[in-house]
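Down below is the structure, laid out as structure tokens.
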Amino acid sequence: MLEGIRVIDFSFYLPGPYATLRLADMGAKVIKVEPPDGEPARHMGEKKDGTGLVFLANNRNKKSVTLNLKDGDGQEAARRLIKGADVVIESFRPGVTKRLGIDYETVKKDKPDIIYCSISGYGQSGEMSALGSHDLNYMAVSGALAQMKNDAGEPVHPTNTFADLVGGIGANEAILSALLQRERKGQGCYLDLAIVDVMTSLMTNHLAYLDGAGEENGVPLLGGSVVSYQIYQTGDNRYMALAALEEKFWENFCRGIGREDLLRGQFAAAKDGDSVYEEMKALFRSGSMEEWTDFGLKTDCCLTPVLETSELSKSPVTGSRQVISDPGWGIRQVHSGNVQVSSLTPPPETGEHTEEAVQKDKNRTQEAQK
């Protein structure tokens, strides 16, 4: 879908690389610009064959160019790359690109229709813009973390970096919209993408319910307050997610298990001591996760297992849609169902394509100057 679109990626770690991963999967040519010793994610955390797992997970289908952006020659080479590109993504702190001579105002002089996306935690201006931050911070100040609490009312530390990933998707959305605008109007643009803005945008229902009903936690029915929209423990200490909000699904569930006596209890309170809730908990404890999963596959009642990471490849959903694959370089990959597995290329070695990309752009510039 994005064949012919060229992206220069100056971003590190997760939000930016995840955004360009999705663009690359859609066919864009992504050139990852790294410092001479490689992107920091190559060296952090757990590794496989000496390369960080976070880097391996988010940099397939890309080319790698190493440049010293603190050096004049490296900055000039970067500007040449940008001049032949459609999109630039960077995730430096505000002000850094200007010092490096690759900021939007500088590069648009040579490339007026460039789409330039700066990804940061708190935006390019404002009280917190200069502060260091990570996923957990964006989750916290956006209100999203407060929606994940245990029974004691304490925020639960998530094991997925939702803000970084959703921020990357938000960057993609903005870039694709800008590409469409350029196609129609011939205009480039600058995108100030603050991850905390994207996360806060997820709170639209919560703010509406706060204003209209005084509710801090969004739509009550979706927050675990009723028995028909609830997580239940099974007899083998696993969990099932039941989301039978519509009457037809609740009827299918009750009739499927032979418990028509529960039909009137669809919206009973999911509180200890409530008779319907106690019946539901006991019911789910009477079977294993496998048994309930089989029931959910045969009965249209919005019932699914709570799967662990190791189970995703065999899931009836992710497994059958082939969104998880082993392309042959030792790291299983998750991708859109529209991606051809045979077209996946492994994450590049540091600077693997420097000579090819930089020399090609240098030759192009020299030809243009003749």
Problem set entry | In nm, spacing of pseudo-spin labels at Asp272 and Val156 (7 Å Cα→C-beta vector) | 1.6
Exercise. Distance in nm between label sites at Leu263 and Tyr190, each 7 Å beyond Cα in the beta-carbon direction?
Worked result: 6.4
Exercise. For labels at Arg285 and Val334 in the simple 7 Å Cα→Cβ model, what's the distance in nm?
Worked result: 3.2
Problem set entry | Dipole magnitude of the chain, debye to nearest 20 (Cβ charges: Lys/Arg +1, Asp/Glu -1, about Cα centre) | 1440
Problem set entry | the chain: most fluctuating residue of Ser310, Ser120, Ser91 per GNM, C-alpha cutoff 10 Å | Ser310
Exercise. Give me the log10 of I(q) over I(0) for region 1-137 at q = 0.08, 0.11, 0.14, 0.19 Å⁻¹, as the Debye formula computes it from C-alpha points; what are the numbers?
Worked result: -0.21, -0.39, -0.65, -1.19
For this session: Indicate, rounded to the nearest 5 percent, the antiparallel portion of the DSSP beta bridges found entirely in region 1-73.
Result: 20
For this session: With both partners inside the chain, how many of the DSSP beta bridges are antiparallel, as a percent to the nearest 5?
Result: 40
Exercise. Which order, highest average first, do 259-265, 53-59, 344-350, 30-36 follow once you tally other Cβ atoms within 10 Å for each residue and take the mean per peptide?
Worked result: 30-36, 53-59, 344-350, 259-265
Problem set entry | Bins of 5 Å, starting at 0 and running to the largest distance - Cα pair percent for region 210-279 | 3, 16, 23, 25, 18, 8, 5, 2, 0
Exercise. Shape of the chain from its Cα gyration tensor (a ≥ b ≥ c, root eigenvalues): rounded if a/c is under 1.5, otherwise prolate when a/b > b/c, or oblate?
Worked result: prolate
For this session: Find the relative contact order for the chain and round it to a whole percent, using C-alpha pairs within less than 8 Å whose residues are 6+ positions apart.
Result: 18
Seminar exercise, completed: region 221-309: relative contact order from alpha carbon pairs under 8 Å, six or more residues apart, as a whole percent, is 39
Exercise. For Leu307, what is the net charge nearby, where nearby means another residue's Cβ is under 10 Å from its Cβ and Lys, Arg count +1, Asp, Glu -1?
Worked result: 0
For this session: Please name whichever of His134, Leu283, Ser177 sits farthest to the positive end of the charge dipole of the chain, dipole taken about the Cα centre and charges placed at Cβ: Lys and Arg +1, Asp and Glu -1.
Result: Ser177
For this session: Give me the accessible area per residue for the chain, probe 1.4 Å, as a whole number in Å².
Result: 54
Exercise. With each run of n ≥ 4 DSSP H residues scored as -39500 (n - 2.57), what mean residue ellipticity at 222 nm is computed for the chain after dividing by its residue count and rounding to the nearest 500 deg cm²/dmol?
Worked result: -10500 deg cm²/dmol
For this session: Just order 298-304, 272-278 by mean Cβ neighbour count inside 10 Å, highest at the front, would you?
Result: 298-304, 272-278
Exercise. Given a Förster radius of 25 Å and the C-beta distance between Val317 and Met148 as r, what FRET efficiency does 1/(1 + (r/R0)^6) yield to the nearest 0.05?
Worked result: 0.60
Exercise. If you take the beta carbon distance between Tyr239 and Lys109 as r and set R0 to 51 Å, what does 1/(1 + (r/R0)^6) give as a FRET efficiency, to the nearest 0.05?
Worked result: 0.35
For this session: In whole angstrom, note down how far apart the Cα centers of region 255-328 and region 87-117 are.
Result: 49
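The values are calculated or read from the model by the stated rules, or taken from the named source; none is laboratory data. Note that this is a predicted model, so its numbers are computed, not measured. All Cβ positions, glycine included, derive from the backbone under ideal geometry; neighbour counts span all protein chains shown. The protein model used for the area step is the full one, side chains on, heavy atoms only, and it has no ligands, DNA or RNA in it. Shrake-Rupley method; radii C 1.70, N 1.55, O 1.52, S 1.80 Å.
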